[in-house]
Amino acid sequence: SKVFWAFARPDHLLLLLLTLSVLLLWPAMRAVSAGAVPASRRAVGRYRLGWHTLRMVLVMLWLIALTPASDWLLIPLETRFPRYTEPAPASSTQRPQVAGIIVLGGAEQIQRSNSWQSLSLNGEGERIVALQTLLRRYPDTQVIFSSGSGELDQGLRGADLIAGLLQQSGEQERVILEREARNTHENALFSHKLADLTRPGQWLLVTSAFHMPRAVGVFERIGWAVTPYPVGYRTLPDQPFAVGMDLYGGLENLSMGVHEWIGLLAYWLTDRISQLFPGTGS
């Protein structure tokens, strides 16, 4: 799946299409520069295909840069579950019971952190912020941080990096580190083995908002009822047609949206989730 996504992600796919168009047009450009005109019908057809591919890539890049079209894939994912609101306590001196908290990794940049010997996070760093916030809010609650490595080289794991962060803050004893999971399905399976499910109260599941539907679906599929705690929103659902100029952000959101919808479809087809688009009460 990692190798497939390396070629299927939209920014890489556009680069491949751009490369293909140049390869198709290259003989024509050399012929024109030499003063020759290609005569064969096959050559002309190849040049036309290259030109049409080049125009298509250019149009797509401008659409991604100028319009929020890439956000339209993420908005349904991010709005599938509401933001977590702590229920009203039974009394003014007692918090609602939280049996445990599961925080899914994916924010750690493993290779960069290893190279610099310093924790480096990507755009999902809100998961780590939520981890630290919830540790303070619920001091007596079991906390599991699940993060192995999505890399083909299974060396340093995401949980190893967070262990250093927790040690610096003196909270290493509070968190159970699960370091074997390579994907969302394994996050649920391996965390389930570590959790004390006899504790009363709800289990909070912390992950990025766009990733929450698949994550909740996986946990529910193995029979573990969780309460979504989405973080790290990337879209503006109240401004779905806002026009700007952001090619980098558009490509990033497009890649995340496509990746997540492909993930939902793959998990549904392999029976890792019960519904194609898990939601409240699914």
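Any read-out appearing in this document is the output of simple, stated calculations on the displayed coordinates, not a laboratory observation. Computed from a predicted structure; not experimentally measured. All Cβ positions, glycine included, derive from the backbone under ideal geometry; neighbour counts span all protein chains shown.
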What residues qualify as long-range amide H neighbours of LEU121, i.e. H under 5 Å apart, gap of 5 or more or another chain, H built at 1.01 Å from N?
GLN109
Quick one: what are the phi-derived ³J(HN,Hα) couplings along the stretch 247-257, Karplus 6.51/-1.76/1.60 with θ = phi - 60°, whole Hz, x for glycine and proline?
5, 4, x, x, 5, 5, 5, 4, 4, 5, x
Sort out for me the Cα centre separation of the stretch 40-78 from the stretch 122-145, rounded to whole Å.
40
Environment charge at ALA69 (Cβ cut-off 15 Å; Lys +1, Arg +1, Asp -1, Glu -1)
-3
Net charge near GLU108: determine it from the other residues with C-beta under 10 Å of the C-beta of GLU108, scoring Lys and Arg +1 and Asp and Glu -1.
+1
Give me the base-10 log of I(q)/I(0) for the stretch 150-282 at each q in 0.15 Å⁻¹, Debye formula, one uniform scatterer per Cα, rounded to two decimals.
-0.91
Once amide H atoms are placed 1.01 Å from N in the peptide plane, what residues at a sequence separation of 5 or more from GLU178, or on another chain, have their amide H within under 5 Å of its amide H?
PHE145, SER146, SER147
Per-residue HN-Hα couplings for the stretch 135-141 [Karplus 6.51, -1.76, 1.60; θ = phi - 60°; Hz; x = Gly/Pro]
4, 6, 6, 10, x, 10, 9
Would you mind telling me the antiparallel percentage of the DSSP bridges in the chain, rounded to 5?
10
Proportion of all alpha-carbon pairs of the stretch 203-243 beyond 11 Å (%):
66
Charged-residue dipole, Cβ positions (Lys, Arg, Asp, Glu), the stretch 135-273 about Cα centre, Debye nearest 20
280
Charged-residue dipole, Cβ positions (Lys, Arg, Asp, Glu), the chain about Cα centre, Debye nearest 20
1020
Between helix 184-194 and the chain, what is the angle of the helix's C-alpha long axis to the longest principal axis, kept within 0 to 90° and rounded to the nearest 10?
20
I need the phi-derived Karplus couplings for the stretch 262-273: 6.51 cos²θ - 1.76 cosθ + 1.60, θ = phi - 60°, integer Hz, Gly and Pro marked x.
5, x, 4, 5, 5, 5, 5, 5, 9, 6, 8, 10
Honestly the stretch 135-207 on the Cα gyration tensor test (a ≥ b ≥ c root eigenvalues; a/c under 1.5 rounded, otherwise a/b vs b/c for prolate or oblate) is just oblate
The set of residues whose placed amide H lies less than 5 Å from the amide H of ILE273, leaving out same-chain residues fewer than 5 positions away, is TRP268
Net charge near GLN275 (other residues with Cβ under 12 Å of its Cβ; Lys, Arg +1; Asp, Glu -1) is +2
Can you give me the C-alpha center-to-center distance between the stretch 251-278 and the stretch 182-217, rounded to a whole angstrom?
17
